[in-house]
Structures are given as C-alpha cells and as structure tokens.
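The values are calculated or read from the model by the stated rules, or taken from the named source; none is laboratory data. Fair warning: this is a prediction, and the values are worked out from it, not measured in the lab. Because the Cβ atoms are built from the backbone with ideal geometry, glycine has one as well, and the counts that use them run over all protein chains shown.
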Amino acid sequence: MSEQSAERSRIGFLRVLMQAIHGLRDDKMAVLVPMAAGAVVAAVDHLRRGDPIPVTDYVGVRELRFAISLDVPVTITGTTTTQLNAVGGLRAQWVAWLFVLQLAGFLASVGAGLFVLSRVRARPLTNRTAGRYVVFAFLVSLLSVLFEIRSVWIVIPLFVIGMFVFVRLFLVSGLIVDGATIVEAIQKSWRRTRGYGRTILAIFIVLGLCHHLLLSVPLVGPVGSGLIVSIHGGSIGVILERTAHSGTENTRQ
C-alpha cells in the first residue's frame, strides 16, 4: 500500500460524516430546502395513493424488513412506485396525470440534490450542469427499473457488485456540479475514490440504513429522505476536498 493510500485509509467514515454535518450546521438552507422538496415528494406520494393507478408502497421496518437504501445520485426517494405493466390500458387523462405527478416528484427530488451540492461545493448552478445532473439521475433511475430482479440467487451477487460500483461512483454527483461531463465525472470518481473504499462503504451502510428507517415513517418519509440528501451531499463534498490535489483533477468551470 502506498503512503498516500495508507493516509486515505485512516480517514474514518465517522470523521467524514461529522465534518459533513458540521458544514451543514453553518448552512441551514442546505438542510431546509431538501426537506421542503421532500414534502413535495410526500405530497405526490399521497396523491398517487388516492388515484386509481396501482402503486406499490415502500416496504419498511413496519413489516420487519431492513434494507440499505441509498442511490449514487444525490436524490430524494419517494415511497410509492408504479410498475410499467400497470400503465397499459389506462385512459389518456390518467396517463397524463401520472406523468405530471411523476415529473413533479422527480424534479423536486433531483433539484434537492443539485441545491445541496451547489451549496457544499460553492458552485453556481448553470443550465448545462443542471441538465447533466438530471440526465445522470434519470439514467440511473431507468436502469434500476429495467434491471429490477427478484430472484435471491441473482440479487445477492448484484448487491455486492452494486456496492462496489456505488463506492467507485460516489463522487460523480459532486463532480458534475463542479462542471465535469457525465463521462468525465465517472472517470474522475473512479480514480479519486481509490483508497477510500472502506470509508465510503461504511457511509453507504450507515446512511442507507438511516434512510430506510426514515422512509418507513408513514406519510412524511420523503421529508426524512431530504435530510439524508443533505448529509449525503455533504459527505461527497468532504471527500472531494480531501482528494482535490490527487492527480490532475482540473474541472471545468
């Protein structure tokens, strides 16, 4: 192990989380805005439960189920989902209704992550940056839908692979806000997370479990998800600062 890698491995996840939370204490808006966006997502979930389109509710601790819930993009998680096969045969007005609600929830979810990262990184939000971030979040969301697998024999290996990928792509959201393209952000995140594997994995587990618990709260779960978005974004900011001088990582402004 190189001297630089050894130094990185000594940076514990608690230190990263505490620095992230400390930074958020000095910027209340980076906490309040994502929680307000979470309230919008919660309202969308409430409306979805009242319409005739079938929904699947988030399975939380109320049914004694535990999970690690955290995405690569910094986004709020809703508590209702609609299977693609449920859309077939719907009347046009209900398809439009579903589209508008899902779009509102998605924009609130993505906007919260963008806002937090722009505050943490002290970067102005441009249309180009916002567009890249929306595309990245949409692609990740689409992949999660297309590759939904229920067989435990496939899920377990994919979960292990997913954790590895999450670790290596942990910084992508912050790098996009810094001005990198999606491809550049993936490449840079893959390099800059070397030596931080255990730290980021621990963050993934701790925040993922806390996120799952908060999403299990009836009606207001997405508001708690907004709080996790703030800490998630803050943690990305901490590690980006620590890796700012590792290699030639000049981002576009």
Is it true that some residue in the stretch 208-218 is loosely packed, with under 15 Cβ neighbours inside 10 Å, of a type outside the set (A, V, I, L, M, F, W, C) and either on the phi < 0 side of the Ramachandran plot or at pLDDT below 95 (or both)? yes
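Looking only at the stretch 120-134, count every residue that is exposed (fewer than 13 other Cβ atoms within 10 Å of the Cβ) and part of a helix (DSSP H, G or I) and tell me the total.
Taking the stretch 120-134 first, the residues exposed (fewer than 13 other Cβ atoms within 10 Å of the Cβ) are 122, 124, 127-128, 131.
Narrowing further to those that are part of a helix (DSSP H, G or I): 127-128, 131.
Count: 3.
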Looking at (1) modelled with pLDDT under 90; (2) within 21 Å of Ser141 (Cβ to Cβ), can you tell me which one Gly78 breaks? (1)
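For the stretch 166-175: of the residues being part of a helix (DSSP H, G or I) and under 15 Å from Gly208 (Cα atoms), which is modelled with the highest pLDDT?
We begin by selecting, within the stretch 166-175, every residue part of a helix (DSSP H, G or I); these are 166-168, 172-175.
Add one more test, that the residue is under 15 Å from Gly208 (Cα atoms), and what stays is 166-167.
On the way: Phe166: 88, Val167: 92.
Of everything passing the filter in the stretch 166-175, Val167 is modelled with the highest pLDDT.
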